[in-house]
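The values are calculated or read from the model by the stated rules, or taken from the named source; none is laboratory data. Computed from a prediction, not measured in an experiment: that's the story for all the values here. Neighbour counts are summed over all protein chains in view; Cβ atoms, including those assigned to glycine, are modelled from backbone coordinates with ideal geometry. Accessible surface areas use protein heavy atoms only, side chains included; no ligands, DNA or RNA. Shrake-Rupley method; radii C 1.70, N 1.55, O 1.52, S 1.80 Å.
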Amino acid sequence: MSSDADSPSLAHAVALIAAARHAVVLAGAGMSKESGIPTFRGDGGLWTVRGEPPLNQYETFSADPRRWWERRLEQERSADEFATAIESAEPNAGHRALADLEAMGAIAHVISQNIDDLHRRAGQRSLTEIHGNRTWMRCIVCESRWPRAEFPVDPEALPPRCAQPGCGGIVKGDTVMFGEPIPPSALRRCAEESARADLFLSVGTSAVVYPAAQYPIAAAQRGVPLIEINPEPTPLTPLAAVVLRGPSGEVLPALAAAVRALQDRGSAARTSPGEDD
Ligand code: NAD
Ligand code: ZN
């Protein structure tokens, strides 16, 4: 792995970050693996073990939203394996380092495919959850959102309806289902941030789910450098200017520490006495 503080790859990544004015990150399920949440694909992935879910989830939901809600409430009561892993998970060192990089002004925005709420809980502020957030509910008409904990659901009146004046749309989990259009506001934000990007980082994603994978690909095609952080190669690897092989819970803290050290050296140099001699 090339995440030790002296590695040439790490130094190259730090230089790219220092030179960037608007670095954008695409994050994926690999970032949450060290928080105990299984990925979908790859070794030990949920789908590798269980098989892929049906691709027409949203069609099934739309045909019978009451049935979806009955199953969701049942799942909440019976502690489904994936749901339990998400609910008991805590942000890991990778999530915290990514939030630190934002606080340092080193990265501008995170587009995450994760639905587990761990980026926000780690303190990430400029964040688009392109596939939604499992802990929130969303109206399919007006896109209003509520944390699940603040959205009472009457099991006798399913599906729940949106309370916004004049709306009344059906409310579902915020997670984007297979076959469901990604909420337009999220797509707009991703497109805006990606268009401004002068550096892309791809962290813990197999980069095979679209449109998410399209953002770093399109950026690389217009000459924007790409840093990949992943223990395994992905379709993005050939496009990357720098590849940091390793778990994000180790690589991102090393990267954040190196960026901070560079910033500290910069401010020490600016304030060092004797400059006027
Ligand atoms: P993916 O499951 O397709 O791929 C995971 C990637 O993470 C792989 O490339 C793997 O090599 C890498 N990885 C494994 N361990 C890692 C580590 N410790 N550090 C960094 N990288 C590591 O995930 P994806 O590309 O995000 O696409 C899966 C889809 O499933 C997404 O749409 C996402 O919404 C959803 N999903 C979300 C969660 C979550 O919220 N935590 C979990 C599983 C799936
Ligand atoms: Zn509504």
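Here are the numbers:
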{"item": "Output for the stretch 120-160, where each listed residue is out of contact with any Asp or Glu (no Cβ under 8 Å at 6 or more places or on another chain) and polar (S, T, N, Q)", "result": "144"}
{"item": "Failed criterion for residue 184 (all others in (1) within 16 Å of ligand 2 (Cβ to nearest atom); (2) surrounded by 14 or more Cβ atoms within 10 Å (Cβ to Cβ) hold)", "result": "(2)"}
{"item": "Flag for residue 87 being away from ligand 1 (no atom under 16 Å from the Cβ), open to solvent by 30 Å² or more (accessible area, probe 1.4 Å) and among the acidic types (Asp, Glu)", "result": "no"}
{"item": "Among (1) modelled with pLDDT of 95 or more; (2) buried (at least 17 other Cβ atoms within 10 Å of the Cβ); (3) not in a helix (DSSP H, G or I) - the single one residue 134 does not satisfy", "result": "(1)"}
{"item": "Scope the stretch 206-225; condition touching a strand residue (DSSP E or B) at 6+ places or on another chain (Cβ under 8 Å), within 15 Å of residue 112 (Cα to Cα) and open to solvent by 10 Å² or more (accessible area, probe 1.4 Å); matching residues", "result": "215"}
{"item": "Qualifying strands (runs of 3 or more DSSP E) (wholly inside the stretch 169-255; at least 2 residues being within 11 Å of ligand 1 (Cβ to nearest atom))", "result": "199-203, 226-229"}
{"item": "Residues within the stretch 95-123 that are over 26 Å from residue 191 (Cβ atoms) and open to solvent by less than 10 Å² (accessible area, probe 1.4 Å), tallied", "result": "1"}
{"item": "Residue, farthest from ligand 1 (Cβ to nearest atom), within the stretch 96-125, restricted to residues that are more than 12 Å from residue 32 (Cα to Cα) and in a loop (DSSP other than H, G, I, E, B)", "result": "105"}
{"item": "Qualifying residue in the stretch 163-171 (condition: surrounded by fewer than 19 Cβ atoms within 10 Å (Cβ to Cβ), under 19 Å from residue 135 (Cα atoms), within 16 Å of ligand 2 (Cβ to nearest atom) and without any contact (Cβ under 8 Å) to a residue 24 or more places away in the chain)", "result": "yes"}
